[in-house]
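Have a look at the structure below, then the notes.
The values are calculated or read from the model by the stated rules, or taken from the named source; none is laboratory data. These figures come from a predicted structure and were not determined experimentally. Positions of Cβ are generated from backbone atoms using ideal geometry, with glycine treated the same way; all protein chains shown enter the neighbour counts.
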Amino acid sequence: MTWLFEPGWWANGTVRTALVVGGIVAVTSAVVGIFTVMRGQSFAGHALTDVATAGGAGAFLAGVGPLLGFVGGGVLGAGAMDAIGVQRVKGRDIATGVVLGAAMGLAALFLFLSARTSSATGATQLVLFGSIFTVSPSTLPEVSWLSGAVLVTMALVARPLLLSSLSVELAAARGIRLRAVGLIFMVALAVAVGMSAIVIGAILSTALLIGPPASALRVARRVGSAVALAAGLGVLATWVGVLLAYDSYYWSASHRSLPVSFFVVVVIVAEYALASVLRRRTRRVPTAVVEPEGWT
Amino acid sequence: MAVVAVGLSGCNSGTTGAAGVIQAVGAENQYANVVAQIGGRYVHVTAIMSNPSVDPHTFEVSTSVAQAVSQARLVVQNGLGYDQFMTQLESASPSSSRRVIDVQHLLGLSDTTANPHLWYKPSTMPTVAAAVERDLATMEPSHASYFAGRLASFRSSLAPETAAIHAFRARFAGRVVATTEPVADYLLSALGLVDATPWRFQADVMNGIDPSPEDVATLQTMISDHHVAALCYNAQVTSSVTQAVRSQAQTSHVPIVAVYETMPEPGYNYQSWMIAEIRALTRALSEHVSTTVLR
């Protein structure tokens with residue numbers, strides 16, 4: 001196994017932190033991501049990554065931890081999108097697009113200002129594409145708390161969320177408060193996106209949010225198994241990504257290693273391709289539970 | 001905003017634009033300082049980068065900087081991509097009367113030179129000063145003897161630095177140190193010190209990308225095993241990785257020496273800055289005392 005696990009892998013503290021934090025984040029992203037895909041809110045999820053970008057850049061400028069910025073920015077963005085009408089299907093893309101543009105403008109401003117006023121280096125890389133190997137072990141409690149909160153919230157709203165995803169009319173008839181459920185989900189989504197931003201960067205966090213759930217939904221027959229499979233695929237992608245980035249140090253004589261984010265995304269895409277092949281093989285009849293209306 | 005143009009001591013402030021006063025720009029304040037020392041009362045110098053809490057590698061240009069460059073008749077810049085924006089600003093406002101001293105080209109260095117922090121090389125500033133004197137004398141031939149006199153006193157003022165380097169070498173040559181960035185590496189090698197830090201680590205920090213976990217572990221082990229006698233910490237280019245290395249040095253009782261991209265102000269000129277760095281290294285190696293801020 002030494003060809004796979006290069007020297008120092010098991011003893012390296014940086015790697016251990018990356019694996020633990022990355023694993024927790026991947027599970028959280030996958031659970032939230034299943035509902036994001038089923039509700040057709042991938043674009044809203046992507047917009048939240050852009051808001052998280054602005055938050056992360058702002059945190060860099062203010063000198064506070066990036067996690068706080070990513071999550072805080074995302075939650076504020078979720079509130080803004082709710083306020084200007086992301087719930088209405090008709091105006092959804094427009095509201096999302098406006099928030100997205102504004103957020104990226106703010107991110108540009110914050111990165112500019114932090115380059116001009118701070119000695120901190122690598123802000124752009126860290127905010128946009130992630131720096132899991134620079135995550136401090138002291139971040140672990142925060143990540144665990146946030147992840148726990150998101151998972152508990154998702155467990156509580158899973159049923160009304162599923163129902164409203166499948167049929168708005170039916171959910172309303174059952175007395176589900178659609179807007180409240182939608183807003184709670186958006187906040188959970190924002191926190192999940194902010195957390196995955198510290199692993200693979202704000203811009204790429206969509207990949208971790210959408211990729212494993214999309215693959216899982218291609219092959220799973222029930223929501224429960226889709227959630228479990230997505231979590232497994234997400235963790236696998238993150239861990240293999242970290243491993244390959246670590247190993248890449250030994251691939252060239254110059255020891256120029258490659259970034260984790262790249263490898264995570266490569267694995268996610270490979271998983272999706274594999275899931276698509278499996279789906280075609282099985283020629284499975286889509287069940288209504290897994291595929292809501294409008295989702296193909 | 002901290003990075004607006006700053007007039008330097010030694011320049012003739014208050015008579016900006018007056019007849020016979022040459023407007024000059026130093027991209028980094030250490031070059032501006034040397035220009036001021038040569039130009040004296042006939043030159044007004046503006047330094048673009050002088051904030052010790054800003055990473056010059058990621059510096060962003062403002063309009064006031066563009067204006068200073070467009071009005072300057074003499075510009076001194078480092079080159080090697082360190083202050084790439086200067087070249088862009090100069091081509092944005094072409095002027096036949098402006099002279100540009102690019103230190104990289106002045107020293108005949110190729111674009112592939114890995115370490116751009118040329119001012120830490122003891123032989124750099126005498127060459128720069130001579131080039132400045134030459135250009136100023138061409139611009140204002142009537143003051144040529146004044147500039148020549150100031151160049152001569154600049155040269156003789158370097159004697160204490162040269163002596164300090166010789167004394168340091170005699171005592172500490174061959175000792176091993178670590179760095180977080182290649183900023184002072186030219187000075188370290190002039191002092192006979194060995195920088196054991198993996199070059200990749202230094203270059204990655206300098207270029208704003210994440211060093212590999214392997215290189216971080218190598219550096220951390222060097223410090224915890226006391227393989228290095230001191231850590232040269234670039235206080236101007238920091239990240240969570242360099243801060244972790246710094247706290248590793250603190251817990252391992254390895255003395256830390258602050259090094260800078262630009263000249264700490266106020267209170268220093270180029271010569272006294274270099275002597276202060278050599279003194280801080282001496283204290284680190286002989287008394288195990290850290291110098292976390294040059295004041």
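Residues being crowded, with 22+ Cβ neighbours inside 10 Å and within 14 Å of chain A (Cβ to nearest Cβ): count how many of those fall in the stretch B:58-81. Residues in the stretch B:58-81 being crowded, with 22+ Cβ neighbours inside 10 Å and within 14 Å of chain A (Cβ to nearest Cβ): 2 in total. Specify the residue that is farthest from the other protein chains (Cβ to nearest Cβ); the eligible residues are those in the stretch B:82-111 that are under 14 Å from B:Ala24 (Cβ atoms) and not in a loop (DSSP other than H, G, I, E, B). Ranking the qualifying residues of the stretch B:82-111, first place goes to B:Arg99.
Listed by position, the helices (runs of 4 or more DSSP H) contained in the stretch B:201-295 that have at least 1 residues being touching a residue at least 40 places away in the same chain (Cβ under 8 Å) and under 17 Å from the mean Cα position of the chain (by Cα) are B:270-287. The residues listed here are B:Met206, B:Met222; of these, the one that is crowded, with 19+ Cβ neighbours inside 10 Å, more than 7 Å from every other protein chain (Cβ to nearest Cβ) and touching a His at 6+ places or on another chain (Cβ under 9 Å) is B:Met206.
Just one of the numbered conditions (1) assigned to a helix (DSSP H, G or I); (2) touching a Ser or Thr at 6+ places or on another chain (Cβ under 9 Å); (3) at pLDDT below 80 is not true of A:Leu67: (3). Given the criterion of a type outside the set (Asp, Glu), out of contact with any strand residue (DSSP E or B) (no Cβ under 8 Å at 6 or more places or on another chain) and surrounded by fewer than 20 Cβ atoms within 10 Å (Cβ to Cβ), identify the matching residue among A:Ala11, A:Ala30, A:Ala26, A:Ala57. After applying the criteria, what remains is A:Ala11. Elements of the type helices (runs of 4 or more DSSP H) sitting completely within the stretch A:154-227 and holding at least 1 residues that are more than 10 Å from the chain's Cα centre (by Cα), over 21 Å from A:Ala78 (Cβ atoms) and in contact (Cβ under 8 Å) with a residue 12 or more places away in the chain: these cover A:205-219. If you go through the stretch A:251-275 and pick out every residue that is away from every other protein chain (no Cβ under 14 Å) and either at pLDDT below 90 or touching a Pro at 6+ places or on another chain (Cβ under 7 Å) (or both), you end up with 2. Just to be sure, is A:Ala108 assigned to a helix (DSSP H, G or I) and surrounded by 17 or more Cβ atoms within 10 Å (Cβ to Cβ)? So A:Ala108 fails the test. In the stretch B:191-202, the residue that is nearest to the other protein chains (Cβ to nearest Cβ) out of those that are crowded, with 18+ Cβ neighbours inside 10 Å and more than 15 Å from B:Gln243 (Cα to Cα) is B:Arg200.
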